[in-house]
Amino acid sequence: MEEITEIRKISRSYTYDEYKKLIFSYSQEGKTSGEQTEERIAATLINAQRIKRIDKQCTINDDLSSAIKSFSGQQKWILIVESWCGDGAQCAPVIAKIAAQSANIRLELIFRDENLELMEHFLTRGSRSIPKLICINELKDKIVDTWGPRPQAIQDMVTEFKKNFPEVTHEELVKNIHLWYAQDKTKSIQSEFIVLLNKLIN
């Protein structure tokens, strides 16, 4: 598969801890990943705080923990992100906690704009939306599933909000997206990963 070929071309990846350190460093130095724009630098600063908060507050629920314990096999999960991506800051800490509970899952994070040829194989409605998770069965060297760019429940709210308020600004939309994440308290993404893991088990 072309996708596996592109995955083999990845020249730089990070563990979650390495990724966090890089984001925190960017936020302190007034930098961002990829193109250095004021908007993305500001977003990276906010995302560093989001990551700290979610790391501290998120607890994997019992149903998801059971699904993780039942998971066997040997998988590599590749999460495509950018430091300025708000959805990435909301989702990456939860995905990292899931992977950390299983000896059978190895999580690597990569930057989208450093891997555009790979990203082209995992578009969402024609868009390079992130975060995007690629699940690879390492024994079979095969992509077995994907997830992203955000929990479906939150995406449904975004779609409905745009429908009801077609003149909404990007800033107002982003504000509401993060309000939904805060109110959701990672419940939606945890529910989706129970389904994902059960699919991967079967």
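The values are calculated or read from the model by the stated rules, or taken from the named source; none is laboratory data. Remember, predicted model here, so these are calculated numbers, not experimental data. Methodologically, a virtual Cβ is constructed for each residue, glycine included, from the backbone with ideal geometry; neighbour enumeration extends over all protein chains shown.
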Subset of the range 17-43 [among the hydroxyl-bearing types (Ser, Thr, Tyr), within 27 Å of Ala100 (Cβ to Cβ) and out of contact with any Leu (no Cβ under 6 Å at 6 or more places or on another chain)]:
Ser25, Tyr26, Thr32, Ser33
Lys97 being modelled with pLDDT of 95 or more and part of a helix (DSSP H, G or I)
yes
Based on what the data block shows, is Leu116 modelled with pLDDT of 95 or more, surrounded by fewer than 20 Cβ atoms within 10 Å (Cβ to Cβ) and either charged (D, E, K, R) or under 17 Å from the mean Cα position of the chain (by Cα) (or both)?
yes
Examine the range 70-77 for a residue that is more than 15 Å from Lys132 (Cα to Cα), in contact with a Phe, Trp or Tyr (Cβ under 9 Å, 6 or more places away or on another chain) and either in contact (Cβ under 8 Å) with a residue 12 or more places away in the chain or basic (Lys, Arg) (or both), and state whether such a residue exists.
no
Only one residue in Lys52, Lys69, Lys142 is of a type in the set (D, E, K, R) and within 15 Å of Leu196 (Cα to Cα). Which one?
Lys69
Conditions first: (1) out of contact with any Phe, Trp or Tyr (no Cβ under 8 Å at 6 or more places or on another chain); (2) of a type in the set (A, V, I, L, M); (3) under 21 Å from Ile10 (Cβ atoms); (4) at pLDDT 95 or above. Ala92 passes all but one, so which condition is the exception?
(1)
Considering only the range 4-24, how many residues are buried (at least 16 other Cβ atoms within 10 Å of the Cβ), within 27 Å of Lys140 (Cα to Cα) and touching a strand residue (DSSP E or B) at 6+ places or on another chain (Cβ under 8 Å)?
4
I'd like the full set of residues that are out of contact with any helix residue (DSSP H, G or I) (no Cβ under 7 Å at 6 or more places or on another chain), under 18 Å from Asp113 (Cα atoms), of a type outside the set (Lys, Arg) and assigned to a helix (DSSP H, G or I), limited to the range 5-17.
Thr5
Out of the residues in the range 67-110 meeting the condition of being more than 20 Å from Asp55 (Cα to Cα) and of a type in the set (A, V, I, L, M, F, W, C), tell me which one is surrounded by the most Cβ atoms within 10 Å (Cβ to Cβ).
Ala67
Matching residues in the range 25-40 - criterion: being within 19 Å of Ala92 (Cβ to Cβ) and either crowded, with 18+ Cβ neighbours inside 10 Å or β-branched (Val, Ile, Thr) (or both):
Tyr26, Ser27, Thr32, Ser33, Arg40
